[in-house]
């Protein structure tokens with residue numbers, strides 16, 4: 001599909017991967033809208049890229065999502081690319097951590113339910129355009145789960161399944177469904193993992209290339225190797241990831257003590 005002349009909404013677009021994707025679309029002469037729940041980060045993104053349109057919106061709250069889409073329809077009239085990027089990740093021991101349920105609920109509410117709220121609200125606009133797309137930024141841990149990110153991995157697995165099923169439901173419509181499965185990305189969210197990471201710009205570039213070629217499932221860098229390892233031996237792939245994270249967290253602990 002075309003990558004210029006679109007109206008694009010990116011959730012969690014004020015920093016990290018979301019902001020890199022916003023810049024990539026701006027560079028290709030698209031109208032770019034971002035939303036986030038942190039007003040300071042939104043203001044900084046707006047100062048950096050004055051062409052960006054911003055909305056303060058917590059996607060885990062359906063009323064805020066509906067208000068945002070009412071405003072988008074009123075101000076812009078249409079939307080033809082949605083990028084579901086907003087998410088939260090927490091590292092905890094589900095067995096012993098007293099806050100495990102609270103943390104898990106927050107991850108489910110934002111990563112999974114928030115994505116569903118936004119996608120459902122966007123569909124009337126997306127279906128009303130000749131060519132449109134839903135892009136969801138999931139993760140390779142949706143296929144190869146990590147015990148260090150137990151509920152996060154579960155939400156990403158759900159998003160992988162949701163993307164594949166939604167793609168089938170929308171087959172006879174103008175809406176294409178893409179999923180990006182990166183490895184660890186060099187962002188604030190995973191700063192405690194001291195291992196090789198791809199940059200937010202690499203994720204953005206891979207997404208633009210996939211849109212142009214209609215490549216619906218995008219695996220980036222080490223995520224490709226883990227994906228193929230998982231196809232032949234899920235247990236081996238899970239063992240590789242577990243060891244990688246354990247080593248990275250141990251190395252980080254030595255540096256900070």
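Count of segment 41-61 residues, restricted to those that are within 18 Å of residue 113 (Cα to Cα) and either out of contact with any strand residue (DSSP E or B) (no Cβ under 8 Å at 6 or more places or on another chain) or part of a helix (DSSP H, G or I) (or both), is 3.
Does residue 67 satisfy being over 22 Å from residue 216 (Cβ atoms), part of a helix (DSSP H, G or I) and without any contact (Cβ under 8 Å) to a residue 40 or more places away in the chain? So residue 67 passes the test. What is the one condition in (1) modelled with pLDDT of 90 or more; (2) surrounded by 19 or more Cβ atoms within 10 Å (Cβ to Cβ) that residue 209 does not satisfy? Here residue 209 meets the rest and fails (2). Restricting attention to segment 189-206 and to residues that are at pLDDT below 65 and assigned to a loop (DSSP other than H, G, I, E, B), the residue that is surrounded by the fewest Cβ atoms within 10 Å (Cβ to Cβ) turns out to be 191.
Of all residues in segment 45-65, those that are surrounded by 14 or more Cβ atoms within 10 Å (Cβ to Cβ) and more than 20 Å from the chain's Cα centre (by Cα) total 2.
Of the set (1) assigned to a loop (DSSP other than H, G, I, E, B); (2) surrounded by 15 or more Cβ atoms within 10 Å (Cβ to Cβ), all apply to residue 78 but (2). Are any of the residues in segment 135-148 modelled with pLDDT under 95, under 23 Å from residue 34 (Cβ atoms) and surrounded by fewer than 19 Cβ atoms within 10 Å (Cβ to Cβ)? Checked segment 135-148: no residue is modelled with pLDDT under 95, under 23 Å from residue 34 (Cβ atoms) and surrounded by fewer than 19 Cβ atoms within 10 Å (Cβ to Cβ).
Among the residues making up segment 126-153, those that are in contact (Cβ under 8 Å) with a residue 24 or more places away in the chain, over 18 Å from residue 211 (Cβ atoms) and in a helix (DSSP H, G or I) are 140, 141, 142, 147, 148, 149, 150, 151, 152. For segment 81-126, what are the residues that are surrounded by 22 or more Cβ atoms within 10 Å (Cβ to Cβ) and over 18 Å from the mean Cα position of the chain (by Cα)? Hit for segment 81-126 is 126, nothing else. Restricting attention to segment 3-27, the residues being on the phi < 0 side of the Ramachandran plot, in a loop (DSSP other than H, G, I, E, B) and either crowded, with 16+ Cβ neighbours inside 10 Å or at pLDDT below 95 (or both) number 5. Count of segment 132-182 residues, restricted to those that are in contact with a strand residue (DSSP E or B) (Cβ under 8 Å, 6 or more places away or on another chain) and over 19 Å from residue 114 (Cα atoms), is 8.
The values are calculated or read from the model by the stated rules, or taken from the named source; none is laboratory data. All values derive from a computational prediction rather than experimental measurement. Cβ: placed from backbone, ideal geometry, glycine included. Neighbour counts: every protein chain shown.
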